[in-house]
1. Of all residues in the stretch 428-458, which are crowded, with 22+ Cβ neighbours inside 10 Å, touching a strand residue (DSSP E or B) at 6+ places or on another chain (Cβ under 9 Å) and not aromatic (Phe, Trp, Tyr)?
2. Please verify whether the stretch 457-474 includes one or more residues that are of a type in the set (Val, Ile, Thr) and within 16 Å of the ligand (Cβ to nearest atom).
3. Specify which of the listed residues (VAL471, VAL431, VAL403) is β-branched (Val, Ile, Thr) and assigned to a loop (DSSP other than H, G, I, E, B).
4. Need the failing condition index for ALA211 against (1) surrounded by 22 or more Cβ atoms within 10 Å (Cβ to Cβ); (2) touching a helix residue (DSSP H, G or I) at 6+ places or on another chain (Cβ under 6 Å); (3) not basic (Lys, Arg), just the number.
5. Residues that are modelled with pLDDT of 95 or more and more than 18 Å from the chain's Cα centre (by Cα): does the stretch 298-318 have at least one?
6. Report yes if some residue within the stretch 336-343 is touching a Lys or Arg at 6+ places or on another chain (Cβ under 6 Å) and within 16 Å of the ligand (Cβ to nearest atom); otherwise report no.
7. If SER219 passes every condition in (1) polar (S, T, N, Q); (2) within 17 Å of ASP251 (Cα to Cα); (3) open to solvent by 20 Å² or more (accessible area, probe 1.4 Å) but one, which one does it miss?
8. Restricting to the stretch 201-219, name every residue that is among the charged types (D, E, K, R) and farther than 10 Å from GLU241 by Cα.
Amino acid sequence: MRHTSLLLFLALIPSTLGAQKPGVPVPSDYDRRQPPAVVATLSPALIQELTSIRDAGLTDDYAYRQVAHITESIGPRPVGSPQAQAAIEYVAGEMRKLGLEVRLEPVQARHWIRGAESAELVEYPGQAPGTTQKVVLTALGGNHPTPPQGITAEVVVANSFADLDGLGRENVAGKIVLFNVAFDKQKAAGGFAGEAYDEAVLYRGQGAKRASALGAVASLVRSVGGADYRLPHTGGSTPAEIPAGAVTSEDADLIAHLAAQGKVRMHLILASQTAEDVTTYNVVGDLKGSEHPEQIVIVSGHLDSWDLGTGAIDDAAGVAVAMETAQLIQHLHLHPKCTLRVIAWIDEENLGRGHAEYARAHASEIGNHVAALESDLGASHPMGFRAKITPEAQAQLQPVQDVLRPFGANLIELSSDSPEADIEPLAKQGVPAFGLLQDGRVYFNYHHTAADTLDKIVPQELRENATALAVMGYALATMPDPLPR
Ligand SMILES: [Zn+2]
């Protein structure tokens, strides 16, 4: 996932508010180039096709059936697991049923296997004799293991990287560092969930490396998430030579509370292991274009997931809505002019080798990619798209936005960076890139936890996501002129 931005918020303010009041500084986002005031048009025939996709998509259950199978029957899909392989084969088979030309494109990936994980406080102020306190936590992906019997060390709390640096090696060496940086729930509630995530996730990503550099024996991070049900949120962490885990927000508060009063020591077991690299696959299915088969529009989501839940909102939903784009086009007997390429990416949650390998293997045809779309911000109501495109391209999409307007998915928020991770290598090479922009207010409550399960998906909201992706994907693959770059 990536972010929703200030521009989205500003877009909701009546334009008169920003225009008046001489002397009041104008927010810098108003200085961005505005789309030229041209009236873009599409042929009535194409508008009719887009409308028929919209109306069919809003009443179709294909995507929901796919998510249900991937999550309930197959289950969690960590890279290298038998479930991930089963999901790859299942999605490939379903794409073939839709009439796509399907290839499994090999990817060499790290195979990380979660092991035993537990922690308890063994010394703390006010401790009742002969007792310990359980700490709820989970290992971070790629975690360097503790010895099987675990380690015991004092815990030192840092509230920022500056705080850690202030502590210095003399206070960190030989200890377990806890980065206690809270996910900003107010920010998320205000529509800036992505920003809230980006701020806190820095510590999950870099914490172990930074703590290790000062001699720490393990690194813990306060879980990055928006709900407090004593659920740990796993996720990736930059490999460091020390164990790395995430404690729940409640446990982070507890440890910080006790550490402010005196010495806190923890016994910690994080016994996950990295095994030999595995060969896994991106699933790539082509619906050949009727006029320009060499030109490609990607619609996609990632098939791998974390192991704690079943990866429903992250990101079986994205794979399912991408598959539904092809399903709706075939069902309605439509013919995109360019090739519509459905991709179920692998390894997004691990090291991102799936999309890196795609960019490498397809380097000679990147210029033929008309656009790349991905859904990886859950399955809540889509407000539209976050897009790394030019203002001129945005103006050209006005008629498509009009088709999406009746169900409120008509926003296009311009972004200077790639809206999603798997399409980033393409976006960096100038391919117009679109991420579905879901309502992110609850996504991070469940993200990377045991509670990322099918029940979190509202069927009608999933239909809206499938519809928005299908309308935009078909439009981009069938418009007479490609988007300017
Ligand atoms: Zn994801």
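1. VAL431, PRO432, ALA433, GLY435, LEU436, LEU437, GLN438, HIS448, THR449
2. Taking every residue of the stretch 457-474 in turn, at least one turns out to be of a type in the set (Val, Ile, Thr) and within 16 Å of the ligand (Cβ to nearest atom).
3. Working: VAL471 fails: assigned to a loop (DSSP other than H, G, I, E, B); VAL403 fails: assigned to a loop (DSSP other than H, G, I, E, B).
VAL431 is the lone residue from the list that is β-branched (Val, Ile, Thr) and assigned to a loop (DSSP other than H, G, I, E, B).
4. For ALA211, the exception is condition (2).
5. Here is the first cut: in the stretch 298-318, the residues modelled with pLDDT of 95 or more are 298-318.
Next, only the ones that are more than 18 Å from the chain's Cα centre (by Cα) stay: none.
No, every residue in the stretch 298-318 fails to be modelled with pLDDT of 95 or more and more than 18 Å from the chain's Cα centre (by Cα).
6. Taking every residue of the stretch 336-343 in turn, none turns out to be touching a Lys or Arg at 6+ places or on another chain (Cβ under 6 Å) and within 16 Å of the ligand (Cβ to nearest atom).
7. (3)
8. ARG204, ARG210
The values are calculated or read from the model by the stated rules, or taken from the named source; none is laboratory data. Computed from a predicted model, the values in this text were never measured in an experiment. Every residue, glycine among them, receives a Cβ derived from its backbone with ideal geometry; neighbour counts consider all protein chains shown. With ligands, DNA and RNA removed, areas are computed over all heavy atoms of the protein, side chains included. Shrake-Rupley method; radii C 1.70, N 1.55, O 1.52, S 1.80 Å.
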